[in-house]
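Before any comments, here is the structure.
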Amino acid sequence: MVLEIVLTNFFSINEKITLDLQAANIQTKEARALAENTFSVGGERLLKTIAIYGANASGKSNIIKAVKAAVDMILDSHNYNEGDSFGFKPFKFGGDDAPSEFYIRFIVNEIEHEYSFSCTREEIITESLYYYPKGRKALIFSRDERKSGGKKEKYEFTTVIRRPMDVASNTSRKTLFLSRASQMDRDKAKEIYRWFNEQLVFSYRGNTSAVTDRFLGDNKDAVLRVLKAADSDIVEFSYKDGELTTFHRRNPSLPFDFNTEESEGTKILFRIMLTVMDVVRNNKTMFLDEVETSLHTRLVEYLINLFHNSRSAQLIFTTHNTHLLDMTRFRKDQIFFVNKRDDGSSDLYSLFDYKDFREKMDLEKAYLQGRFDAVPYVNEFENI
């Protein structure tokens, strides 16, 4: 589970922005009616979903893009070679030497952890991992490449990671220590690396065979219920040797090859829902950019409800769908806005920051009227 993500100097993000998934202390009648939108773990109450709104080119997609870039570095940096650049760009109008920074608080095996790093596009500057094994913050490792001297001066360790200096000796400034330690079979690093690799989901696209193999056998009825809720004509399917065959209501005995005979919309829906079911049933965290691009409004609502009815799955998504701006669906702390600052950078803030906005007000109307900014202003084009 994710508690908080902080980003600085990634893409259109210049100054620090915070994506906070900790539920605010809202005691209104409307918030109490949405108790299923939150869950409790380790004394923390967390949000199951966050919706991010903003005008085109405001930078809302860059928030998810930045998180993915940071996670990709964690998963892949042990493979980087001299001359490689990291897979992101800093804020274009910022200082050339300004570092990019990633920070995340999360829970693994019911224990809170904090991991962070800072870097340029070419090398790592700082990195650290802390945890709270008995409710108190404790160091696992830290690293500061700005310090003079050798590895012993730049690194600090406790006894959590076995023979840490062996790992540090094999960690270049192109590589995150966490990535190298996992590769070198250090148990704690492997645990954290697996969490980033398995618990954070950024896309339903690509090869879905692993997800298909995992779910179609034991969860066939659930898949069919999802397809029915989507008004799909599919009433049955079979999966054998990597091949998916579907059967339709009009003639249930006539087989259709999924890959060549189903519509693109059906294939996208199937892949999305298989991935979402994996996320929901295994209480993972999913990031989706412009969720309505591939799904009808009713299906987006259905997807959100799947997360709200889960035990502790989380969904962070960007959207233009103002129909979802409804205080009977979301709490105030679940709605975020992205607006472009005067310097061209992206600012992120929550509806919860607007203390004068009450749940009984029309949120969709207020947003479209520009009360929270984060909307395009088109009056200047009226005479074109």
Discussion item. Between the range 331-372 and the range 44-81, what is the separation of their alpha carbon centroids in Å?
Written reply: 20
Fill in: Residue with peak Gaussian network fluctuation, the chain [Cα springs, cutoff 10 Å], from Tyr131, Tyr349, Tyr239
Tyr239
Worksheet entry | Estimated distance in nm for a label pair at Asn81 and Gln369, the labels positioned 7 Å out from Cα along Cα-to-Cβ | 6.0
Worksheet entry | Answer label, with Kirkwood radius over Cα pairs in Å calculated from the coordinates and candidates [x] 20.7; [y] 22.8; [z] 21.3 | [y]
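Which value, in debye to the nearest 20, describes the size of the charge dipole of the range 17-160 about its Cα centre when Lys and Arg Cβ atoms bear +1, Asp and Glu Cβ atoms bear -1, and nothing else is charged? Before the final figure, lay out the partial values.
Values: 20 positive and 21 negative charges, 100 e Å.
My answer is approximately 480 debye.
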Discussion item. Give me Tyr155, Tyr103 sorted ascending by neighbouring Cβ count inside 10 Å, so fewest comes first.
Written reply: Tyr103, Tyr155
Worksheet entry | Furthest towards positive pole of dipole, Phe330, Val276, Leu306, structure part the range 233-339, Cβ charges | Phe330
Worksheet item: Which helices of the chain meet both criteria: a Cα extent of 27 Å or more along the helical axis and a mean Kyte-Doolittle score no lower than 1.6, with helices taken as whole DSSP H segments?
Response: none
Worksheet item: Going 7 Å from the Cα of Lys89 in the Cα-to-Cβ direction, what parts of the range 318-356 have a backbone nitrogen less than 17 Å from that spot?
Response: 344-346
Worksheet, complete the sentence: Quick calc: nm separation of the 7 Å Cα→Cβ label points for Arg32 and Asp362 -> 2.8
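Let's see if you can work this out: charge +1 on each Lys and Arg Cβ, -1 on each Asp and Glu Cβ, no other charges. What is the dipole magnitude of the chain about its Cα centre, in debye to the nearest 20?
Working: 54 positive and 58 negative charges, 236 e Å.
Computed charge dipole of the chain: roughly 1140 debye.
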Discussion item. If each residue of separation counts as 0.36 nm, what is the full-extension length gain between Ser172 and Lys134 once their alpha-carbon separation is subtracted?
Written reply: 10.4 nm
Response to the item:
Among Ala35, Asn81, Ala230, the residue whose Cα sits farthest towards the positive end of the charge dipole of the chain (+1 at Cβ of Lys and Arg, -1 at Cβ of Asp and Glu, taken about the Cα centre) is Ala35
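For the ranges 66-72, 25-31, what's the packing order if you count other beta-carbon atoms within 10 Å of each residue, average per peptide, and put the highest first? Kindly include the intermediate steps, with their values, before the conclusion.
On the way: 66-72: 20.1, 25-31: 12.1.
So the order, starting with the most tightly packed, is 66-72, 25-31.
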Worksheet entry | Distant-in-sequence amide H partners of Ile13 (H built 1.01 Å from N, under 5 Å) | Ser346
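Read-outs throughout are calculated quantities, based only on the coordinates presented, and are distinct from any laboratory measurement. In this text, all values refer to a predicted model and were calculated from it rather than measured experimentally. Here the Cβ is made from the backbone with ideal geometry for all residues, glycine too, and neighbour counts use every protein chain on show.
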